[in-house]
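Report on the structure given below.
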Amino acid sequence: MTANRTQTLRRPSTSTHSSQLIFDAYGSAPTAHETDAIRELTNAYADLTGLVRVVDSEVTSGRRATRTLDLDDRTGIKAKASSEFLLDELATDRGLAWNEIARLCRVTVSAVRKWRAGESISPGNRRALARLAAFLDLLEEVGPVGEPAGWFGMRLIEHHTVTAADLYCEGRADDVLEYAQGQLTASDVLDRWNPDWRSETRAEWMIVDDPEAGRILVRRSEERGLDAS
């Protein structure tokens with residue numbers, strides 16, 4: 001004798017009250033009522049999928065816009081300090097090298113040297129220093145980044161040369177922050193920056209295990225010539 005089984009299917013709804021579809025299923029063949037219920041549920045979930053995508057897009061846009069405003073506000077506060085103070089914060093407190101500060105602010109090393117000596121700095125360059133300092137503060141807050149300056153210079157993906165600092169220089173601070181927070185993967189960030197990054201940013205040199213010499217540094221083009229056994 002076939003046992004009578006009862007199933008309750010809940011149709012997804014954006015309202016606070018979800019309607020219930022209750023039907024009795026006899027045997028393995030679905031009844032016409034069951035088929036209608038399944039189709040109704042399929043359509044309801046399809047509608048919700050589209051709604052979720054729209055909401056996700058709106059949330060992402062809102063989050064990025066808010067973070068940009070936050071960074072701008074922090075930059076304005078930092079910009080009130082002197083250039084000497086900002087340079088000391090970036091070099092001493094954050095551990096950035098002078099040439100790295102120059103690169104991230106898109107100026108020459110000699111310009112940074114002059115600022116250190118007390119020479120005047122343009123408003124635009126002063127803001128660049130302040131924005132970098134504000135960005136590192138925010139980077140430390142949004143993600144598990146204990147030493148932002150060190151993390152900043154690490155390659156995002158092994159065997160590829162791109163770092164978070166490179167993306168910052170390309171004006172992609174938002175993407176770097178979302179990557180640090182876990183909202184984007186490293187591949188996501190690089191895809192947004194350059195769809196051809198997989199072929200264009202491969203490191204020329206790499207460390208491999210040689211059966212006779214141990215770990216050695218070779219050009220990637222020479223890798224195939226090594227015995228991998």
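The values are calculated or read from the model by the stated rules, or taken from the named source; none is laboratory data. Because the structure is a prediction, the values reported are computed rather than measured. FYI the Cβ positions are ideal-geometry reconstructions off the backbone, even for glycines, and counts take in every protein chain you see. Protein only, heavy atoms only, side chains kept; ligands, DNA and RNA dropped before computing areas. Shrake-Rupley method; radii C 1.70, N 1.55, O 1.52, S 1.80 Å.
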Thr92 at pLDDT 80 or above and among the β-branched types (Val, Ile, Thr): yes
The one condition in (1) within 23 Å of Ser187 (Cβ to Cβ); (2) modelled with pLDDT of 90 or more; (3) in contact with a Gly (Cβ under 8 Å, 6 or more places away or on another chain) that His160 fails to fulfil: (3)
Residue satisfying condition, being at pLDDT below 90, open to solvent by less than 40 Å² (accessible area, probe 1.4 Å), farther than 23 Å from Ala128 by Cα and not aliphatic (A, V, I, L, M), within set Gly143, Gly225, Gly214: Gly214
Subset of the stretch 77-106 [closer than 15 Å to Pro123 by Cα and among the β-branched types (Val, Ile, Thr)]: Ile77
Where Thr60 falls short, out of the listed (1) modelled with pLDDT of 80 or more; (2) of a type in the set (Ser, Thr, Tyr); (3) open to solvent by less than 50 Å² (accessible area, probe 1.4 Å): (1)
For Ser28: the one exception among (1) polar (S, T, N, Q); (2) over 38 Å from the mean Cα position of the chain (by Cα); (3) at pLDDT 80 or above: (3)
In the stretch 138-175, the residues that are over 18 Å from Ala91 (Cα atoms), within 13 Å of the chain's Cα centre (by Cα) and of a type in the set (Ser, Thr, Tyr): Thr163
Tally, over the stretch 96-128, of residues that are under 27 Å from the mean Cα position of the chain (by Cα), surrounded by fewer than 13 Cβ atoms within 10 Å (Cβ to Cβ) and in contact (Cβ under 8 Å) with a residue 24 or more places away in the chain: 1
